[in-house]
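Working notes, structure below.
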Amino acid sequence: MRTFALIAISSAVLAAGAGPSHATTCDQAVYKCKTEANRQLDAIAKCEAAGDHCKKTGGEWIGPVTGKHFQLTR
């Protein structure tokens with residue numbers, strides 16, 4: 001039982017810091033974007049469009065929901 005609790009706590013801590021801003025590739029940012037914005041009807045399309053932009057610009061991510069702008073490390 002302790003192992004399960006430890007895994008659950010570790011997962012929650014990791015998820016708290018796992019936003020697109022912590023991604024290292026455009027694909028990771030898209031995945032994280034989709035998981036964070038899952039309550040918006042058009043979130044998947046917006047995240048994919050942001051991913052396309054990211055790939056075309058060599059790693060420039062502009063969050064479609066938050067508007068946050070940053071350069072990915074790769």
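Since every read-out is calculated from the coordinates, none of them should be taken as a lab result. All figures in this text were calculated on a predicted structure; none of them were measured in a lab.
Structure notes:
- Rel. contact order, % - alpha carbon contacts under 8 angstrom, at least six apart, the stretch 20-71: 30
- Segment Lys55-Gln71, length gained on full extension (0.36 nm per residue, minus Cα span): 4.6 nm
- Long-range Cα-Cα pairs in the stretch 20-71 (distance over 18 Å), rounded percent: 15
- Our coupling estimate for the stretch 37-54, obtained by passing each phi through the Karplus curve with A = 6.51, B = -1.76, C = 1.60 and θ = phi - 60°, is 9, 5, 8, 9, 4, 9, 5, 4, 5, 5, 5, 5, 5, 5, x, 4, 4, 4 Hz, Gly and Pro reported as x.
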